[in-house]
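Below is one structure, written out as structure tokens; comments come after it.
The values are calculated or read from the model by the stated rules, or taken from the named source; none is laboratory data. What you see is a predicted model; the values in this text were computed from it and never measured. FYI the Cβ positions are ideal-geometry reconstructions off the backbone, even for glycines, and counts take in every protein chain you see.
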């Protein structure tokens, strides 16, 4: 018998724990299979270094935060919406993605919260692939008409023969004025879906702006005017260079024990 | 690799932000805390055929037992 953390364990368990301890030390907790945007977790981003001649790989919080938000409470209200003292509901804003068409002016024609970042703080979000839902409306057996509620099928989309690729992003530093905590936040720009993505993401018909190497370089280092920035953000990556396949959806409700069984 | 979306467990005076990961063919949980203490990595190990929660690396056993139990409770009731 041995002791680990004051607990009596078998020699085999002790060795396993030491090996696990070693592996955990080296493990990068960003190395995750799936980034759920709504978890607002850190993602890997390339951004210009201070000399603006090279780039740094950094972690940023996914979900662009405008600097005027005072603290995390204001962030939660901004993201999730809230009811004010008069009982009036204020809607929340999702800033995981920024529509390329609205980088400088929002849909109401007012200056966009993204404008300054689009001009001064463009970056590249690294990805190996992303997930999107395809909505299929089954037919009513009696009437033959599509049902009102769809069945959602998850798809995994990647770029052929590329281990990873670049998505256009814009970033913004945000400081919590209560705690002094400063984070860099990022939004991925989106363009109209190409023919492949129109089939997969058939509800919104949008896709992230995927950039080839030349456009990625220009996006990050180019001295660009607003028209060119919009043009690049709107560019559609060719469908024939992309792969999409259906995947099995594994419920979050898997228990610890069941997940352990899956790996043994 | 991270296996599930991040989840939050709200206790009376602290919120845990938990992610689960497979490391070296085993499952570990990384916990971030709202009170600013350092993140904690916990694992459910076997001691004499009885599972117990331990911190990785060693040194934060009390916290591992307490917060590990909260994770087990959360996953069981999901």
Taking region A:128-155 and keeping only residues that are under 20 Å from the mean Cα position of the chain (by Cα) and without any contact (Cβ under 8 Å) to a residue 60 or more places away in the chain, one is left with A:128, A:129, A:152
Taking the residues in region A:156-196 that are in contact with a helix residue (DSSP H, G or I) (Cβ under 7 Å, 6 or more places away or on another chain), farther than 29 Å from residue A:49 by Cα and in contact (Cβ under 8 Å) with a residue 60 or more places away in the chain as candidates, determine which candidate is surrounded by the most Cβ atoms within 10 Å (Cβ to Cβ).
A:157
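Residue-wise test of (1) part of a strand (DSSP E or B); (2) at the interface with another protein chain (Cβ under 7 Å from one of its Cβ atoms).
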| position | (1), (2) |
| --- | --- |
| B:9 | yes, no |
| B:13 | no, no |
| B:17 | yes, no |
| B:27 | yes, yes |
| B:30 | yes, yes |
| B:38 | no, no |
| B:41 | yes, yes |
| B:46 | yes, yes |
| B:53 | yes, no |
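Residue by residue, here is whether (1) in a strand (DSSP E or B); (2) at negative phi; (3) in the same structural domain as residue A:174 (by TED's automatic domain parsing) holds:
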| residue | (1), (2), (3) |
| --- | --- |
| A:79 | no, yes, yes |
| A:86 | no, yes, yes |
| A:92 | no, yes, yes |
| A:109 | no, no, yes |
| A:113 | no, yes, yes |
| A:119 | no, yes, yes |
| A:125 | yes, yes, yes |
| A:131 | yes, yes, yes |
| A:156 | yes, yes, yes |
When residues of region B:55-78 are filtered for being in a helix (DSSP H, G or I), facing chain A (nearest Cβ under 7 Å) and either touching a helix residue (DSSP H, G or I) at 6+ places or on another chain (Cβ under 6 Å) or modelled with pLDDT under 90 (or both), how many remain?
2
